[in-house]
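Throughout, read-outs are computed from the coordinates displayed, never taken from laboratory work. Bear in mind that the values here come from a model prediction, so they are computed numbers and not experimental data. Positions of Cβ are generated from backbone atoms using ideal geometry, with glycine treated the same way; all protein chains shown enter the neighbour counts.
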Amino acid sequence: MGKPVVEIQNLSKIFKRDSFEIPALENINLVIEEGEFLCLMGPSGSGKTTLLNIIAGIDRPTSGELRVLNEDVARVSEDRLAAWRNSHVGFVFQTFNLIPVLDAYENVELPLLLTRLSAEERRKHVLAALNLVGLGDRIHHYPRQLSGGQEQRVAIARAIVTDPTLLMADEPTGDLDAQSAEEVLDILSRLNRDYKKTIVMVTHDPHAARHATITRHLEKGRLLPLGSEAMNEQQVQA
């Protein structure tokens, strides 16, 4: 058993629109251990991305307890939270979010510009990250010169270049063809298996979920007990 990286107790999130309150998460209890590859699944509107964003410090819970790396993330100031995210969290999004006027090297280097690393140290980190995702020969290519799968691999390199403790992936294969999706999932699996990265991935794709070491399902803002989704599938098949 690894040590807890994320500890969530009785967490809820309510969005307010005018005079309406929209519950997104309700009484979530979850522990994510060091080196775990957790997949969050569920239908649209189930709260998967909301939970991902709260764990990553992008959003804040309405109530409950959230500790990430023993930091009370829900209660720290915005300035401190931004610095904490840059040090500890890497993000991979469905739409890549690369800057089109920057080449692969420059896109991956971006998070390092907020650190005190020298230009030479940044170069070593960037090249190591791009080589890890198999794009060491594409460092001067711009996003428009890359395939979708290659763009997502650049995005993964950017996410890991600071050596974050947590890697957050929101539908990382949603815009990719089957072969490119498999390549991206293989990289995530290798980061977890060989480099012991703790990964939280949101996906609708059962095939993508099979790359994770543990899968949890959300339904209408509630986290289902472990094993209950398998029981429901067996009941449907019966």
- Query: Size of the chain along its principal axes in angstrom, Cα-based, largest extent first?
  - Reply: 51, 46, 42
- Beta bridges per DSSP with both ends in the chain, % antiparallel, nearest 5: 50
- Item | Mean ellipticity per residue at 222 nm, deg cm²/dmol - from DSSP H runs of n ≥ 4 across the chain, formula -39500 (n - 2.57) | -10500 deg cm²/dmol
- Does region 31-100 come out rounded, prolate or oblate, given a ≥ b ≥ c as the square roots of the eigenvalues of its C-alpha gyration tensor, rounded meaning a/c under 1.5 and, failing that, prolate meaning a/b above b/c? rounded
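So how strong a dipole does region 56-150 carry about its Cα centre when Lys and Arg Cβ are +1 and Asp and Glu Cβ are -1, to the nearest 20 debye?
About 60 debye.
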- Mind pulling the angle between the C-alpha long axis of helix 119-132 and the longest principal axis of the chain? Nearest 10 degrees, somewhere in 0 to 90. 60
- Item | Dipole magnitude (debye, nearest 20) for the chain, charges at Cβ of Lys, Arg, Asp, Glu | 360
- Packing rank of 12-19, 219-226, where each peptide gets the mean count of other beta carbons within 10 Å, highest leading: 219-226, 12-19
- Describe numerically, in nm with one decimal, the distance between label points set 7 Å from Cα along Cα→Cβ at residue 95 and at residue 16. 2.8
- Task: Could you name the lysines whose alpha carbon sits less than 28 Å from that of residue 3, not counting residues in the same chain fewer than 8 places away?
- Result: 13, 48, 196, 197
- Query: Packing-wise, with mean Cβ within 10 Å as the measure, how do 49-61, 29-41 rank, highest first?
  - Reply: 49-61, 29-41
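Can you sort 125, 141, 211 from fewest to most other Cβ atoms within 10 Å of each residue's own Cβ?
141, 125, 211
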- Query: Can you give me the Cα centroid spacing of region 1-46 and region 173-195 in angstrom?
  - Reply: 24
